[in-house]
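Here is the structure we will look at.
The values are calculated or read from the model by the stated rules, or taken from the named source; none is laboratory data. No experiment lies behind these values; they were computed from the predicted model shown. Here the Cβ positions follow ideal geometry from the backbone for every residue, glycine too, while neighbour counts run over all protein chains shown. Each accessible area value is taken on the protein alone, full model and side chains, heavy atoms only, with ligands, DNA and RNA left out. Shrake-Rupley method; radii C 1.70, N 1.55, O 1.52, S 1.80 Å.
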Amino acid sequence: MGVLAFLFVRKRKNRTMVTSNAKLLAWVEDVVQLCQPARVHWCDGTQEEYDRLCNLMVSAGTFTALDKNLRPGCFLARSHPSDVARVEDRTYICSASKEEAGPTNNWADPAEMKEKLKGLFRGCMVGRTLYVIPFAMGPLDSPLCKIGIELTDSPYVVVNMRIMTRMGRAALEKLGANGEFIPCLHSVGAPLHNGNHDVPWPCEPDVSKKHIVHFPEELSIWSYGSGYGGNALLGKKCLALRIASLAARKEGWLAEHMLILSLTSPQGKTYYLCAAFPSACGKTNLAMMQPTLPGWTLRCLGDDIAWIRIGKDGRLYAINPETGFFGVAPGTSQKSNPNALKAVARNTIFTNVVLRPEGDIWWEEMGVPPPAKGIDWEGKEWFSGNCRKGAHANARFTAPAAQCPVIDPKWDNPEGVPISAILFGGRRPSTIPLVNEAFDWEHGVFLGSAAGSETTAAAIHQAGVLRRDPFAMLPFCGYHMGDYFAHWLLLTQRTDRAKLPKVFFVNWFRKSGDRWLWPGFGENSRVLKWICERIEGTGHAVETPIGNLPAPGALDLTGLDLPANDAAELLAVDTEGWKKETRDIAGYYAKFGDRLPATLEDQLRKLDQRLNTAT
Ligand code: GTP
Ligand code: SPV
Ligand code: MN
């Protein structure tokens, strides 16, 4: 027997000990044949394994261990400059027909794409270890829990997945001998041929070769060429949003790009809220915000993804399928998000931030002075006053959710929490008011479908351009967006409409020139208070052509130094701006053709009429 064949038998033996799931064993075998890794490692999810992989990455130069006193258990990674954010242009939904993927997704013929991917994956793990990562999205005993298996050649992915998901032996046990799993194949696309030295951040630097591909028919994911964030941590956007949205449509639930929070009033009543804002538009910040209004307590249940189903009582219940935060670092400060700062005090992985000489980290608008001299995200010497930014705009931290000081006691409740309000939002420097309540469910779905936002650094594209980002799901919906709207509208038939949450649209990002009109962050508690009062039926509103806005004096601005003109502008109906908005929405809706639900067309027509009667 040759050495290789011998190794193989040993490995196979090892594998049968780990699981008896024949489908999983066969798939791993196929991937080993295709990708030709040097070794296979089945992840058990233990602390010991995590520590070993972190140390391995320190030796390889991928990780820098931070100072044990300043940041215990923390590491810094610097990615390749070509690999710093999600690649939306390289992300595909390969449904049987282009029509099913719809006008908002990149599509390619599934058979052709599979062939292309096989070409890319052939031999792509030479010289590397293939890690088998069993993981669960959602509490293991939740009715919504889904099992995924990620096969990756990146130890960085393994340790991040351990923070972000319920990873390891328990997930494999839940899968059992005959359970179903979502196959998630990932490679950084950088084989290590004979004696090639590894680099700190292996990836495929040619962006045109990166591929993030979803196959809706077989519910599988293939990701090639990137090691960063949502491109590589496949439980997150690929599984928990794109693939889950397909499952949700079929099974009658919702997979959403939403935070989940609880808010308790001074009277002791608790409300659960979900909010969908596009990437880098404030979910993590709102999810763990410190209310400035006395007597109000906010707790965090999730900061990025919510899976929502109809409970036995007919209300909507949300769970957070993740167990960690992959949050935007720049801008996180004691003032903006003190709870995030506490969450990243230990056991956290920082990617693309500044390294301080004393072994701590720094980023722009951290609220502490920069180091006189440090190392920037590209590994170059960097000094304060440098015109270059030290941290990448999409630099992130990966931190365990349980470390958030305001984590809600119900955050990993298998049944989830009953939702009283859903918020939509985005970065809108003009026109869109601070807060607007939908008249009813259909109007709420209309507001969500028409949501727009200025683009951010979370994806590789031009930042700061206004684009429609319906339900903050533009890059994350696994099927035709028109059908997705219809799925939302259908909820009135699946449950009693009186049990559905109230819907609001918020905008923290109004500007006057370069200045924010609204202070945001903890002060957003004032808006949440009004929302709770509306849920209770006590808050006052005025009916306007665009929705219900806070009546004069209804928004609690006590103690806030907000100029009266700014307050008025934040809550005014900008009729001309909205007329422009309706024209823009009409143009956007035209993309969906006859898959646009008539209800939404009707909503747009009625809005137009209301605006025209108002003047
Ligand atoms: P993803 O993780 O990409 O989905 O982003 P996110 O929606 O969680 O966004 P996050 O909370 O990380 O905020 C991103 C950026 O928006 C940061 O730079 C914040 O400082 C800024 N931001 C968040 N909330 C507010 C706010 O209320 N007002 C203003 N002006 N900026 C905010
Ligand atoms: C987002 O872009 O919405 C994120 C970061 O939450 S990533 O995980 O990279 O998708
Ligand atoms: Mn996100």
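Hand me the list of strands (runs of 3 or more DSSP E) wholly inside region 229-276 holding 3 or more residues that are among the hydroxyl-bearing types (Ser, Thr, Tyr) and closer than 13 Å to Leu301 by Cβ.
Those strands (runs of 3 or more DSSP E) span 270-276.
Mind checking whether some residue in region 505-527 is within 16 Å of ligand 2 (Cβ to nearest atom) and of a type in the set (Val, Ile, Thr)?
No, there is no match, as no residue in region 505-527 is within 16 Å of ligand 2 (Cβ to nearest atom) and of a type in the set (Val, Ile, Thr).
Quick one: is Gly416 more than 14 Å from ligand 1 (Cβ to nearest atom), more than 21 Å from Ser336 (Cα to Cα), among the small types (Gly, Ala, Ser) and open to solvent by 60 Å² or more (accessible area, probe 1.4 Å)?
No; evaluated as a whole, the condition is false for this residue.
Kindly list, by first and then second residue, each pair from a residue in region 156-170 that is under 16 Å from Phe181 (Cα atoms) to a residue that is of a type in the set (D, E, K, R) and open to solvent by 20 Å² or more (accessible area, probe 1.4 Å), limited to pairs with Cβ atoms under 7 Å and residues at least 6 apart or on different chains.
Matching pairs, first to second residue: Gly168/Asp44; Arg169/Asp44.
I'm checking my understanding of the structure. Among residues of region 419-465 that are assigned to a strand (DSSP E or B) and open to solvent by 10 Å² or more (accessible area, probe 1.4 Å), which one is modelled with the lowest pLDDT?
By that ranking, first place goes to Glu454.
List the pairs whose first member sits in region 464-482 and is closer than 18 Å to Trp107 by Cβ and away from ligand 2 (no atom under 15 Å from the Cβ), whose second member is assigned to a helix (DSSP H, G or I) and among the acidic types (Asp, Glu), and whose Cβ atoms are under 8 Å apart, counting only residues at least 6 apart or on separate chains?
Listed by first residue and then by second, the contacts come to Tyr479/Glu100; His480/Glu99; His480/Glu100.
Open to solvent by 70 Å² or more (accessible area, probe 1.4 Å) and either in contact with a helix residue (DSSP H, G or I) (Cβ under 8 Å, 6 or more places away or on another chain) or in a strand (DSSP E or B) (or both): which single residue out of Leu70, Leu76, Leu25, Leu56 fits that description?
Leu56
Based on this model, can you work out whether Arg605 counts as within 25 Å of Ser333 (Cα to Cα), within 33 Å of the chain's Cα centre (by Cα) and in a helix (DSSP H, G or I)?
no
For region 302-309, check the following and say yes or no: at least one residue is assigned to a strand (DSSP E or B) and either modelled with pLDDT under 95 or open to solvent by 10 Å² or more (accessible area, probe 1.4 Å) (or both).
Yes, region 302-309 contains a residue that is assigned to a strand (DSSP E or B) and either modelled with pLDDT under 95 or open to solvent by 10 Å² or more (accessible area, probe 1.4 Å) (or both).
Any residue that is in a helix (DSSP H, G or I) and surrounded by 12 or more Cβ atoms within 10 Å (Cβ to Cβ) - is there at least one of those in region 553-567?
Within region 553-567, one or more residues are in a helix (DSSP H, G or I) and surrounded by 12 or more Cβ atoms within 10 Å (Cβ to Cβ).
I'm trying to understand the selection: among the residues of region 334-393, which are open to solvent by less than 10 Å² (accessible area, probe 1.4 Å) and either of a type in the set (Val, Ile, Thr) or assigned by TED's automatic domain parsing to the domain that holds Gly227 (or both)?
Result: Val344, Thr348, Ile349, Thr351, Val353, Val354, Ile361.
Given the conditions (1) in contact with a strand residue (DSSP E or B) (Cβ under 9 Å, 6 or more places away or on another chain); (2) away from ligand 1 (no atom under 16 Å from the Cβ); (3) open to solvent by less than 30 Å² (accessible area, probe 1.4 Å); (4) under 27 Å from Arg309 (Cα atoms), which single one is not true for Val158?
Checking Val158 against (1) in contact with a strand residue (DSSP E or B) (Cβ under 9 Å, 6 or more places away or on another chain); (2) away from ligand 1 (no atom under 16 Å from the Cβ); (3) open to solvent by less than 30 Å² (accessible area, probe 1.4 Å); (4) under 27 Å from Arg309 (Cα atoms), the one that fails is (4).
Here is a list of conditions, (1) free of Cβ contacts under 8 Å to residues at least 60 places away in the same chain; (2) buried (at least 18 other Cβ atoms within 10 Å of the Cβ), and Met258 meets all of them except one; can you say which number that is?
Just one mismatch for Met258, condition (1).
Picking from Gly537, Gly577, Gly520, which residue would you name as being touching a residue at least 40 places away in the same chain (Cβ under 8 Å) and at positive phi?
Residue meeting the stated conditions: Gly520.
For region 111-133, indicate whether the set of residues that are closer than 17 Å to Ala240 by Cα and in the same structural domain as His41 (by TED's automatic domain parsing) is non-empty.
yes
Conditions: (1) away from ligand 1 (no atom under 13 Å from the Cβ); (2) within 25 Å of Pro81 (Cβ to Cβ); (3) not in a strand (DSSP E or B). Phe350 meets all but one. Number of the miss?
Exception for Phe350: condition (3).
Given the conditions (1) within 15 Å of ligand 2 (Cβ to nearest atom); (2) under 19 Å from Leu423 (Cβ atoms), and given that Phe350 satisfies all but one, which numbered condition is not satisfied?
(2)
Return only the number of the condition from (1) more than 16 Å from ligand 3 (Cβ to nearest atom); (2) part of a strand (DSSP E or B); (3) more than 30 Å from Trp530 (Cα to Cα) that Tyr317 does not satisfy.
Going through the list (1) more than 16 Å from ligand 3 (Cβ to nearest atom); (2) part of a strand (DSSP E or B); (3) more than 30 Å from Trp530 (Cα to Cα), Tyr317 breaks only (3).
For region 261-285, name all the residues that are closer than 25 Å to Glu88 by Cβ and more than 14 Å from ligand 2 (Cβ to nearest atom).
Passing the criteria: only Cys274.
One residue is enough: does region 286-299 have a residue meeting the conditions open to solvent by 10 Å² or more (accessible area, probe 1.4 Å), in contact with a Phe, Trp or Tyr (Cβ under 9 Å, 6 or more places away or on another chain), assigned by TED's automatic domain parsing to the domain that holds Thr492 and within 15 Å of ligand 3 (Cβ to nearest atom)?
no
Would it be correct to say that Lys250 is within 16 Å of ligand 1 (Cβ to nearest atom) and open to solvent by 10 Å² or more (accessible area, probe 1.4 Å)?
Criteria not met by Lys250.
So which residues in region 28-47 are assigned to a helix (DSSP H, G or I) and either among the aliphatic types (A, V, I, L, M) or closer than 18 Å to Phe135 by Cβ (or both)?
Val28, Val31, Val32, Leu34, Gln47
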